[in-house]
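For reference, the structure discussed in these notes is given below.
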Amino acid sequence: MASTTVSPTRMVLNSLKGKLKTATRGHKLLKDKRDELMRQFMETIRLNKELRLKVEQGLTEAFGALTVASAVMSPELLEQALLYPRQSVELGVKTRNVMSVNVPQYSFSTKNAEDGEIYPYGFAQTSGELDLAMEKLSQVFEDMLELAQVEKSMQLMAEEIEKTRRRVNALEYVMIPEMQENIKYISMKLEENDQSTKVRLMKVKDMVLEQAHDFK
């Protein structure tokens, strides 16, 4: 439905045509963005599922080994063995742009990177199951970090998809149809005005000719 407040002038008509062209181009770009975001979002969902299964398996194995270790070692000895870690971890956070969405990229580094440094204890009074549990936890940590990165990316992408979808719908179902209706309304009004002007000019011409004939 055309707006009742729009002025049926050629200036307004040209302005609306320009806005319609821009809105149509913007609508296409937003649809392309939404579709590409959806494609990457689905890939991220698949990756999230794979990582989650991998992390769950790794944690299950690590906790299983830790349970066995706690069964063969006294609680006091187990607590003492894990009380003072020898390795420190630093977490880094960067971002990368995915279709105007700044998704996080997590990384970590250890201060002492040798393999043996993951064990915060001596080997004399501890069990091999504890060594296995520490090794499994160390291996699964990187997967857990990647899983956190993927899940945060999914959340941010989902929010951007929803915002883009609303913008696409607003253009497709509200703004563009309204501009088209206004353009149609103004074009009809201008055509009516042109016809009225032609009729008036013809009447004036007839009156002039009639007066000229009477004058003779």
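Readers should treat all values here as calculations from the given coordinates under stated rules, not as data from a laboratory. Small disclaimer: the values here were computed from a predicted structure and weren't measured. Note that we place each Cβ from the backbone using ideal geometry, even for glycine, and neighbour counts take in every protein chain shown.
Things worth noting here:
- Between region 126-164 and region 26-52, the alpha-carbon center distance in angstrom: 21 Å
- Extension gain, VAL93 to MET38: 0.36 nm times the residue separation minus the Cα-Cα distance gives 17.3 nm.
- One chain, two ends: THR24 and ALA71. Fully extended at 0.36 nm per residue, the span grows by 10.0 nm beyond their Cα-Cα distance.
- Residues ALA170 and LYS17, FRET efficiency given R0 of 25 Å [Cβ-Cβ distance, rounded to 0.05]: 0.80
- Virtual paramagnetic centre 7 Å along Cα→Cβ of LEU47, amide N under 17 Å, in region 140-172: 142-161
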